[in-house]
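Shown below is the structure under consideration.
The values are calculated or read from the model by the stated rules, or taken from the named source; none is laboratory data. Computed from a prediction, not measured in an experiment: that's the story for all the values here. Every residue, glycine among them, receives a Cβ derived from its backbone with ideal geometry; neighbour counts consider all protein chains shown.
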Amino acid sequence: MLAGAFVAGLLLLGVAVQRSHASDREQRRVSANSPIRAKGLKEFSGAAHEVEDESPEPQDMGSMLSIETITEAAALEGLAREWEILESGIEPRTPFRSVQWHIFWWKHFGDDSTAVRDELRIVVLRDEANRLVGIAPMMRTCRPGRPPHLVRELQFFGSDPYVTEVRGPICRVPDQARVLEALDKEFQSRRSEWDWIQWCGINRAGGGRQVLERSGSMVWRESVEEFHLKMPQSWEEFRFTLSRNTKESIRKCYNSLKRDGHEFTFRVVTDPSQSGDALDRFLDLHERRSRAKGMVRHANVFASTVARAFLLDYGGYMAARGGLCVFEVLIADRVIATRVGFKMGDSIFLYFSGYAPEWSKYSVMTTVVVETLRWCIDQGIKTVHLSTGRDLSKLRWGPVVSIRDNGIQFSRGWWSAWRFRLFSAAKTYSRGATPLSRLLGRMRRNRLGESPRE
C-alpha cells in the first residue's frame, strides 16, 4: 500500500518536475572548493569592484525595512523605473537582474497548468526613507497545479533550462545581510504557505549566508561562479597580462586560418532591423554545435519553442534600445561562429555562443572572443562579464571571480524534508529510460510546445 502511494506521488509529480529538472541538469555550477585554479584568477571580495562598496561602511543592520509583496504581473511596470536604478548600481551587471528580463520570463515561462502552478511573490524592500533597497523576484511553485498540492516551493525566477544563468535577490552588497534578514523574517512568519525555499545567488561577500544559517533548517548546495574582466585602455595593455600559453593559443587560431587560405571578417550586429536575423543565425549554430559528435558536449539551451521565443522577445527589446550585440565571424560571406552579448551602460555580458562544428579545428570561438574583447576596448567598455562556470575559455583571460551560494531551507522539519525527498525521487525517476519516463517526456514536450524530434 505504501508502495502504491509512493508511485501515485511520482505520477503526480513526474510532469511537474520536468521544468525543475531542465533547470538543474545543465547547470555549470562548480563547488567553491574546486582545486582548479589559473594564473591571474582573483577571488572577488566585493570591496574592490562593486559600485555599492564605495560606501564608507555597511548599512545599519538594526534599521527596519518595510516589505511589500507583488502578486500581479501588471504591478511590475509601476516598479520598473526604481528597479532599473537599483539594478544599474550593482556590479558586475548582468541581464538577469533587469526588470525586463523578469517581465519576459514570466510571460514565457510562468506556468498555470494542472501539473505546475506558479504564483508571483515578488518581494519589494524599502528603508525608512522609502528608498528601494532590495527586490526578491520570487514565485511560489505548486505541484500539482491544482489542489491538493503535494509540494509548494518558494523560488526565484529562472527555473528554466539555464536560459537564466544567475538567480537570486537584487540588492547592493552592503545591503544584502539586512535584506535577507528581512526576507527570512517575512517567510518564517508564513511557513504554513511553503514546504521549502530555494535560496539562490547569495553573494558570499555580503554576509547573507551567515544570516540564513542563523535562521536554521538550511542545507547548502553547489555554488555558482561568475567571471568578469576589468578592461584596460588598450589591447596591448590587456595582452601584456595574458599568460604565454594564452598568447600562443591566440597566435595559433589566427595562423591556422591564414595557413589554409581562409580570410575571416568580424562584425558586430547592433542594428535592430538586423537583430532578428542575427539571433536566428545564432540559434542555428548553437543547435548545430549541440549536435556535434566527438566533441565536449554542449547542450542546446534553446531547444524548446518557449526558450527561443523568450530570447527573440528579450533580444528584440534590447536591440531597440541599443543593448543587443551579436558578435560574428564570417568566412566567404558565411557566418561560421557567433556569440550573443548584452550591453548595459559601459558593461557587456557575453551570453551563449554557437559555431559550425566543421570549423572547430581552427578554434574559431577563440577568434570570436579575441575580436570581441578588442571591440569592447575600442568602444570604451569597462567590464566584460564572461558568464558563469569554471572552464579554460574563461580562466585563460585572468578574470575576477564572484561566488554565489545556493541552498534549500525547509519549513517544517521532517515533514517538509520528506516532501523534498519525494520531489527529488520523482526527478530521478523521470530521468530513467522507463515507459513512464518516456510518457512524461512526451507530456513535457507537449506542454513546452516542442515536437518529439526537438
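How many residues does region 317-342 hold that are under 19 Å from the mean Cα position of the chain (by Cα) and surrounded by fewer than 21 Cβ atoms within 10 Å (Cβ to Cβ)?
Total satisfying the criteria: 1.
Do the conditions hold for residue 296, that is, is it part of a loop (DSSP other than H, G, I, E, B) and of a type in the set (Val, Ile, Thr)?
Criteria met by residue 296.
Another one. Helices (runs of 4 or more DSSP H) wholly in region 204-266 with at least 3 residues that are touching a residue at least 12 places away in the same chain (Cβ under 8 Å) - which ones?
Once the helices (runs of 4 or more DSSP H) in region 204-266 are filtered for at least 3 residues that are touching a residue at least 12 places away in the same chain (Cβ under 8 Å), what remains is 208-215, 244-259.
Now a separate question. Which one is farthest from the chain's Cα centre (by Cα) among residues in region 374-398 that are in a helix (DSSP H, G or I) and buried (at least 21 other Cβ atoms within 10 Å of the Cβ)?
376
Hey, any hits in region 101-110 for a residue that's crowded, with 19+ Cβ neighbours inside 10 Å, in contact with a helix residue (DSSP H, G or I) (Cβ under 7 Å, 6 or more places away or on another chain) and over 19 Å from residue 72 (Cα atoms)?
no
Okay, moving on. For region 354-363, how many residues meet the condition of being under 11 Å from residue 285 (Cβ atoms) and surrounded by fewer than 23 Cβ atoms within 10 Å (Cβ to Cβ)?
Going through region 354-363 one residue at a time, the tally reaches 3.
With respect to residue 289, is the statement that it is farther than 21 Å from residue 383 by Cβ, in contact with a strand residue (DSSP E or B) (Cβ under 9 Å, 6 or more places away or on another chain) and not assigned by TED's automatic domain parsing to the domain that holds residue 96 true?
yes
Select from region 272-293 the residues that are at pLDDT below 95 and in a helix (DSSP H, G or I) and list them in ascending order.
Across region 272-293, there are no qualifying residues.
I would also like to ask the following. Just one of the numbered conditions (1) over 20 Å from residue 76 (Cβ atoms); (2) free of Cβ contacts under 8 Å to residues at least 40 places away in the same chain; (3) acidic (Asp, Glu) is not true of residue 165; which one?
Exception for residue 165: condition (2).
Which of the following residues is modelled with pLDDT of 95 or more and not β-branched (Val, Ile, Thr): 330, 392?
After applying the criteria, what remains is 330.
Evaluate the following for residue 284: is it under 22 Å from the mean Cα position of the chain (by Cα), within 22 Å of residue 108 (Cβ to Cβ) and surrounded by fewer than 16 Cβ atoms within 10 Å (Cβ to Cβ)?
So residue 284 passes the test.
Can you go through 105, 101, 83 and tell me which one is touching a Pro at 6+ places or on another chain (Cβ under 8 Å) and part of a helix (DSSP H, G or I)?
That would be 101, the only listed residue that is touching a Pro at 6+ places or on another chain (Cβ under 8 Å) and part of a helix (DSSP H, G or I).
Answer yes or no as to whether residue 298 is more than 15 Å from residue 336 (Cβ to Cβ) and surrounded by 15 or more Cβ atoms within 10 Å (Cβ to Cβ).
yes
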